[in-house]
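Data first, discussion second: the structure below is written as structure tokens.
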Amino acid sequence: MDDINQQAIRSIQEADTILIGAGAGLSAAAGLTYSGQRFEKIFDKFIAKYGLTDMYSAGFYSFPTPEAEWAYWAKHIYHNRYENGALPLYEKLLRLVKDKEYFVITTNVDGQFMKAGFDGHRFFEVQGNYGEFQCSVPCKPLVYDNKDQVLKMLITTNDQLEIPSQQLPFCPNCGAPLTRHLRIDNRFVQDETWNQQQKRYATFLEGLEGKKIVLLELGVGYNTPTIIRYPFEQLTYQLSQAHLIRFNQTDTKGVKENAHKTLTLTNDLEEVLTSWL
């Protein structure tokens, strides 16, 4: 085991508190890749019909009808939210931090922290969750569990890759179309659960001064850097006993003022976590 790995383990062992920042790279490392072989296997018919290249860009594709749009999204949500239980990488991450004071902030929307058994009062899903719909207007700050609707859409998708019109989801309050509970624009619903998570995160941050803290940044790039990447650098700079451990294979460069407090690992995340346990 190299020096950086040893330093990282020692920092985690000595830490009073661990703040996890989880981005898309964590779920990709866990197996929920949005491109390549997995995408091509799941969406072969959609690729042939629409020329889709990956799940991320497909989320912005302009499908010809609502029925076609929901046929795609039913598969997207099912395979990324409902097909699998807790993935081993997330379970290993919980084993690493469960005996520490910890909190998780994540831009991931696949529900893996909940599935793996992380304390529901210790994570903040900033960008939403695939398991929920919201009103497209939105008329009220409410979200709706979508599992039954998604499964019905999935099994009723026809050979033209469309769902029956009667399966289209509508808001039970105002009748407008429902949409995914994902932060895309200013219509994103910040419901009671979201607000509670945000308040608990703010309270957690307020209590960090004077503690030995490790900021464990996992697969976070520059798609939405103001949520995790930049705040983690700021906390590392401001807190005297903070250390930043960054797992990233591409976006490795950090703020130069934090270089002496930062450890960057580019190795396979699951292999490293396995070696730490």
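FYI, it's all coordinate maths here, none of it is from the lab. These figures come from a predicted structure and were not determined experimentally. Heads up, the Cβs are rebuilt from the backbone with ideal geometry, glycines too, and the neighbour counts pull from every protein chain shown.
Note the full-extension length gain between ASN158 and THR224 as 0.36 nm times their separation in residues minus their Cα-Cα distance, in nm to one decimal.
Numbers: separation 66, 0.36 × 66 = 23.76 nm, distance 3.61 nm.
Length gained, ASN158 through THR224: 20.2 nm.
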Practice item. Please work out the FRET efficiency for the pair ASN195 and ARG95, using the Cβ-Cβ distance as r and a Förster radius of 30 Å; give the result to the nearest 0.05. Key: 0.50
**Study point:** Rounded FRET efficiency, nearest 0.05, which uses the C-beta distance separating ASN5 from THR53 and R0 of 30 Å
**Key:** 0.25
Point to revise | Computed helical MRE - 222 nm, the chain, DSSP H runs ≥ 4 contributing -39500 (n - 2.57), nearest 500 | key: -11000 deg cm²/dmol
Review point. Which residues in segment 222-264 place their backbone N less than 13 Å from a point set 7 Å from the Cα of PHE60 along the Cα-to-Cβ direction?
Key: 223-224
Point to revise | Segment THR266-ASP44, length gained on full extension (0.36 nm per residue, minus Cα span) | key: 76.8 nm
Exercise for review: Please express the Cα-Cα pair-distance distribution P(r) of the chain as a list of whole percents, one per 5 Å bin, running from 0 to the bin with the greatest distance.
Suggested key: 1, 5, 12, 16, 17, 15, 12, 9, 6, 4, 2, 0, 0
Point to revise | Which of HIS243, HIS121, HIS76, HIS260 has the fewest Cβ neighbours within 10 Å, and the rest in rising order | key: HIS260, HIS121, HIS76, HIS243
Review point. Which distance in nm do the two modelled labels at THR252 and LEU168 give, with both placed 7 Å along the Cα-to-Cβ direction?
Key: 5.0 nm
Practice item. Using DSSP, restrict attention to beta bridges with both residues in the chain and report what percent are antiparallel, rounded to the nearest 5. Key: 25 percent
Check your understanding: Is the shape of segment 182-237 rounded, prolate or oblate, going by the alpha carbon gyration tensor and its root eigenvalues a ≥ b ≥ c, with a/c under 1.5 for rounded and a/b larger than b/c for prolate?
Key -> oblate
**Study point:** Where labels lie 7 Å past Cα in the beta-carbon direction, separation of GLN37 and LYS115 in nm
**Key:** 1.9 nm
Review point. Tell me, what is the percent relative contact order of segment 121-248, built from C-alpha pairs under 8 Å that lie six or more residues apart?
Key: 26 percent
